[in-house]
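Heads up, the thing below is written out as structure tokens.
The values are calculated or read from the model by the stated rules, or taken from the named source; none is laboratory data. Treat the numbers as computed from the prediction; the structure is a model and nothing was measured. A quick note on method: Cβ atoms are made from the backbone with ideal geometry, for glycine too, and the neighbour counts reach across all protein chains shown.
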Ligand SMILES: Cc1cc2nc3c(=O)[nH]c(=O)nc-3n(C[C@H](O)[C@H](O)[C@H](O)COP(=O)(O)OP(=O)(O)OC[C@H]3O[C@@H](n4cnc5c(N)ncnc54)[C@H](O)[C@@H]3O)c2cc1C
């Protein structure tokens, strides 16, 4: 029987939340091609996530547990996945677009000469059984429809492009353990340093307030942080703010930063370059504050304030604090 494999990436000893979006994609594809779903768990400490990943429509969970897979070492993790694919001969392999997942996807596709559909926002099975996917190209300026051939495909969904699957009651899933038999690896994994992020992370926040080059320095980010804390949101940034050293790279939204889809995205002093918009344009409500009425950000924002952030943002904060006092 053909099958679909879905990677359940572990971060530390926790399941990465992207898994639930991949589960949605797997379920939709499995209904079209009538094949089973296998979840792949690779790591040194997999037990913590095993119960969680069975709460999907998967038939089988394939576990590859080995101390050499403790760190997010792409070559080793890709080798583990390649080994599993050799044993299981999947038709479709779905991985998250994380730093580790995207590299594993590329390594798997190149190693097996399989087709790679990266960053897809839609994917479906055509009448001839091949996959058809939509993805942004040219920095998000164009959406391209990609027709894959009929062979095996590696699919990497765009974060937040698919709704997260709701966990089932689980239980009907078989767990199969595999021994890791790595080939000789050419890279090694150095020290892993976790960077502490102040406040909530932009990845999953429902409200994100991002600052850009128009803020002129790092200090105004404290004001954005104050506002974010009041509304239970996170602070993000454009690449100009990151490249200028005002905020850490973990805050960057965009093509070379994070792709997010909060309920509300507030862009302050951000021009709206396509490389920035590609990371935030899925937000259903975008609000922009910019002193230049012709700034491209107004082209995609639902609400815009043409004005100097130095006047607009302190007034907004004051209003929020007033509301807080009233409630
Ligand atoms: C390959 C590639 C990848 C890239 N990846 C990313 C990415 O991931 N994320 C990203 O953001 N960019 C990315 N960029 C850079 C992108 O092209 C833009 O240069 C960047 O987004 C501009 O940032 P900005 O709008 O904050 O700054 P600026 O271009 O400096 O714009 C500042 C804005 O602030 C406004 N402003 C100025 N003063 C005030 C004020 N007092 N009050 C209110 N508004 C004010 C200005 O009118 C202007 O619109 C990438 C570029 C390339 C080539």
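Observations on the model:
Residue by residue, here is whether (1) surrounded by fewer than 22 Cβ atoms within 10 Å (Cβ to Cβ); (2) within 17 Å of residue 166 (Cα to Cα) holds:
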| position | (1), (2) |
| --- | --- |
| 31 | yes, yes |
| 36 | yes, no |
| 41 | no, no |
| 45 | yes, no |
| 53 | no, yes |
| 56 | no, yes |
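- Any hit, the range 299-314, residues being under 23 Å from residue 136 (Cβ atoms), surrounded by fewer than 16 Cβ atoms within 10 Å (Cβ to Cβ) and over 21 Å from the mean Cα position of the chain (by Cα): yes
- Condition check for residue 240: over 16 Å from the mean Cα position of the chain (by Cα), outside the structural domain of residue 17 (by TED's automatic domain parsing), under 27 Å from residue 143 (Cα atoms) and within 14 Å of the ligand (Cβ to nearest atom): yes
- Among the residues of the range 243-253, just one is more than 12 Å from residue 202 (Cβ to Cβ) and within 9 Å of the ligand (Cβ to nearest atom), namely 243.
- Number of residues in the range 122-137 that are out of contact with any strand residue (DSSP E or B) (no Cβ under 6 Å at 6 or more places or on another chain) and free of Cβ contacts under 8 Å to residues at least 12 places away in the same chain equals 1.
- For the residues 108, 50, the requirement of being touching a strand residue (DSSP E or B) at 6+ places or on another chain (Cβ under 7 Å) and at pLDDT below 95 singles out 50.
- Set 196, 148: member being out of contact with any helix residue (DSSP H, G or I) (no Cβ under 9 Å at 6 or more places or on another chain), without any contact (Cβ under 8 Å) to a residue 40 or more places away in the chain, surrounded by 19 or more Cβ atoms within 10 Å (Cβ to Cβ) and farther than 22 Å from residue 53 by Cα: 148
- Filtering 97, 68, 113 for residues that are touching a helix residue (DSSP H, G or I) at 6+ places or on another chain (Cβ under 8 Å) and surrounded by fewer than 18 Cβ atoms within 10 Å (Cβ to Cβ) leaves a single hit, 68.
- Filter result for residue 58 (part of a loop (DSSP other than H, G, I, E, B) and assigned by TED's automatic domain parsing to the domain that holds residue 159): yes
- Residue count for the range 189-221 satisfying the condition of being modelled with pLDDT of 90 or more, within 16 Å of the ligand (Cβ to nearest atom) and outside any strand (DSSP E or B): 11.
- Residue within the range 250-270 that is more than 27 Å from residue 137 (Cα to Cα), out of contact with any helix residue (DSSP H, G or I) (no Cβ under 6 Å at 6 or more places or on another chain) and surrounded by fewer than 19 Cβ atoms within 10 Å (Cβ to Cβ) present: no
- In the set 230, 224, only one residue is away from the ligand (no atom under 16 Å from the Cβ) and assigned to a helix (DSSP H, G or I); that residue is 230.
- Residues in the range 280-287 include at least one that is within 23 Å of residue 198 (Cα to Cα), under 20 Å from the mean Cα position of the chain (by Cα) and modelled with pLDDT under 95.
- Those strands (runs of 3 or more DSSP E) lying entirely in the range 254-323 with at least 1 residues within 11 Å of the ligand (Cβ to nearest atom) and farther than 21 Å from residue 225 by Cα: 303-306
- Near pairs, Cβ below 6 angstrom, 6+ apart or cross-chain, from the range 257-281 (over 21 Å from residue 18 (Cβ atoms) and not assigned by TED's automatic domain parsing to the domain that holds residue 102) to any residue that is in a helix (DSSP H, G or I) and near the ligand (Cβ under 6 Å from one of its atoms): 268/309; 269/214; 269/309
- Going through (1) modelled with pLDDT under 95; (2) within 16 Å of the ligand (Cβ to nearest atom) one by one, residue 168 falls short only on (2).
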